[in-house]
Amino acid sequence: MGTTYTYHPAVKAVKGTEGIPPTPAQIIESLNEGWNSWARSINPVNTDEYYLFTLPYGVRGAFIGFDNIDMQADGTAQFYHGLMISIEGIRVYESGEVVTVMAGDYLNDSRIRISRQIDNSIVYVVSTDTDTFVYKSLVAPDHKNIPAYVYGYLYISGDELLTSEITSGEVNFGSA
């Protein structure tokens, strides 16, 4: 078997085109901006348990909802109980409305939990190294005596949760 040689003749150089920056619409599309991703906990949060999570500083938007099974892709306004965390702070969001602002800023050391009390009421707790904010929901839970699940929505492709766990315990209120 002999050697085969292949020759390609020289071609004239072609000048490249100058790059064009993306338009705002193209940037939004490539970052997948919007409330269009979701996840649900595998296990429910039972009474006397809570969901504890942390997020990185600078998150554009995260919504953590707390409701019945089969709420997949229903959107943030459909949840009876939830927290909206964004560059605007941490807000309690119930039945599609902001009911209170728990913190004006989200700090890197913020630990956030949604507690399902033994009486099925919902309590939100935001703790930092120096402060703790507590809000007990006035909205009656729709998931009384049935499993409640944690749903997470992220606003932009770079948003994420750093830690996430369901554990036992409830918020205890003191009295004088």
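The values are calculated or read from the model by the stated rules, or taken from the named source; none is laboratory data. A quick note: this is a predicted structure, and the numbers were derived from the prediction, not measured. So basically every Cβ, Gly included, is an ideal-geometry build from the backbone, and we count neighbours across all protein chains shown.
The set of residues in segment 94-109 that are small (G, A, S) and either touching a Leu at 6+ places or on another chain (Cβ under 6 Å) or under 19 Å from V150 (Cα atoms) (or both) comprises S95, G96. Among the candidates A62, A39, A10, the residue that is under 16 Å from the mean Cα position of the chain (by Cα) and either loosely packed, with under 14 Cβ neighbours inside 10 Å or assigned to a helix (DSSP H, G or I) (or both) is uniquely A39. For S157, the conditions (1) free of Cβ contacts under 8 Å to residues at least 24 places away in the same chain; (2) within 26 Å of N32 (Cβ to Cβ); (3) not hydrophobic (A, V, I, L, M, F, W, C) are fulfilled apart from (1). The C-beta contact set for segment 91-112 (first residue surrounded by 14 or more Cβ atoms within 10 Å (Cβ to Cβ), second residue among the basic types (K, R), distance under 6 angstrom, 6+ apart or interchain) comprises V101/R91. In summary, strands (runs of 3 or more DSSP E) completely within segment 69-176 and bearing 2 or more residues that are among the β-branched types (V, I, T) and on the phi < 0 side of the Ramachandran plot occur at 89-94, 97-103, 111-116, 122-127, 132-136, 163-168. Within segment 96-120, being small (G, A, S) and modelled with pLDDT under 90 holds for G96, A103, G104, S110. Scanning segment 121-150 for residues that are more than 17 Å from T54 (Cα to Cα) and either at pLDDT below 85 or among the charged types (D, E, K, R) (or both) returns K136, V139, A140, P141, D142, H143, K144, N145, I146, P147.
Return yes when F133 is of a type in the set (A, V, I, L, M, F, W, C) and either more than 22 Å from V59 (Cα to Cα) or crowded, with 20+ Cβ neighbours inside 10 Å (or both) and no when it is not. Criteria not met by F133. Of the numbered criteria (1) more than 19 Å from T54 (Cβ to Cβ); (2) of a type outside the set (D, E); (3) in contact (Cβ under 8 Å) with a residue 24 or more places away in the chain, the one S86 fails is (1). Take the residues in segment 137-164 that are of a type outside the set (G, A, S) and under 15 Å from S95 (Cα atoms), then tell me which one is surrounded by the fewest Cβ atoms within 10 Å (Cβ to Cβ). The extreme case among them is L138.
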